[in-house]
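For reference, the structure discussed in these notes is given below.
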Amino acid sequence: MTDGGVVAIARHVRADSVAGLADALLAGGIGAFELTLNDPESDALATLAAAADHVAAGGHRLAIGAGTVLSVEAAKRAVDAGASFLVAPHLDVEVVAWAGARGIPMLPGAATPTEVLAAWRAGAAAVKVFPASVLGPGFLRELRGPFPDIPLQPTGGISVETAGAFIEAGAIAVGIGSWLFADRDPAVVTARARGATAAVAAARLGR
């Protein structure tokens, strides 16, 4: 998930177009692709399955995960569809424990120090600091003081202009969604992915 330092997050992607987007992300150096579960959930799961099958068939190094996982039942369906990691905008200890017991990386959302610590103690693989655009790099940097060993991944409103600041503040990776996929053209997605991963690489060298 930390390959390239960017987790690509897409909503409302059709099953027949997800392979092209996955290839575009790979070409741009991104190692993780999060597809959010939205209504109708069956469509999201079909897209997730199509992405997982495409990556497996090609032997590609791209982790396919499910986002907006709000319940244990949703987590089960996502994993059955092929998700190799799970992400949520909130902290639900039951969902984190379910994933941890099965060796599935789970990134619950947190917006306070209390939530960050609770998520980590529940078994989170990393903690999604959300919404990052509201909390800012300074907030993440301050969290690193009391929690130096908890991996933090800020998500929400991040673009190529702001990604580096979060990496410099101590993030293991950044989640980028709307900016990266503003134009569903695979060529544009690849170009933006390259820009984002380059910004992350430069920030890693500087911290």
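Numbers for the structure displayed
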quantity	calculated
Considering residues of segment 8-38 that are out of contact with any His (no Cβ under 9 Å at 6 or more places or on another chain) and among the charged types (D, E, K, R) only, the residue surrounded by the fewest Cβ atoms within 10 Å (Cβ to Cβ)	D16
Residue match in segment 65-81 (condition: within 17 Å of L21 (Cβ to Cβ), out of contact with any Pro (no Cβ under 9 Å at 6 or more places or on another chain) and at pLDDT 95 or above)	yes
Residues within segment 145-196 that are assigned to a helix (DSSP H, G or I) and hydroxyl-bearing (S, T, Y), tallied	2
Number of the condition not met by P137 [criteria: (1) more than 24 Å from T68 (Cα to Cα); (2) part of a helix (DSSP H, G or I)]	(1)
Those residues of segment 39-56 which are touching a Gly at 6+ places or on another chain (Cβ under 8 Å), over 20 Å from D3 (Cα atoms) and either among the small types (G, A, S) or loosely packed, with under 14 Cβ neighbours inside 10 Å (or both), in sequence order	A49
Pair list, Cβ < 6 Å and 6+ apart or interchain, from segment 1-12 residues that are closer than 14 Å to A88 by Cα and in contact (Cβ under 8 Å) with a residue 24 or more places away in the chain to residues that are surrounded by fewer than 23 Cβ atoms within 10 Å (Cβ to Cβ) and of a type in the set (A, V, I, L, M, F, W, C)	A10/F181
Scan of segment 88-124 for residues that are of a type in the set (V, I, T), in contact with a Phe, Trp or Tyr (Cβ under 8 Å, 6 or more places away or on another chain) and not in a loop (DSSP other than H, G, I, E, B), ordered by number	V116
Selected residue [in contact (Cβ under 8 Å) with a residue 12 or more places away in the chain, surrounded by 19 or more Cβ atoms within 10 Å (Cβ to Cβ) and over 27 Å from N38 (Cβ atoms)] from G109, G138, G164	G164
Unmet criterion (only one of (1) buried (at least 22 other Cβ atoms within 10 Å of the Cβ); (2) in contact with a Leu (Cβ under 7 Å, 6 or more places away or on another chain)) for V95	(2)
Long-range neighbours under 9 Å by Cβ, at least six apart or interchain, first residue under 21 Å from T36 (Cα atoms) and free of Cβ contacts under 8 Å to residues at least 40 places away in the same chain within segment 170-199, second assigned to a loop (DSSP other than H, G, I, E, B) and of a type in the set (S, T, N, Q)	S178/S159; W179/S159
Identity of the residue in segment 57-75, part of a helix (DSSP H, G or I) and touching a residue at least 12 places away in the same chain (Cβ under 8 Å), that ends up surrounded by the most Cβ atoms within 10 Å (Cβ to Cβ)	A75
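The values are calculated or read from the model by the stated rules, or taken from the named source; none is laboratory data. All values reported here derive from a predicted model rather than from experimental measurement. All Cβ positions, glycine included, derive from the backbone under ideal geometry; neighbour counts span all protein chains shown.
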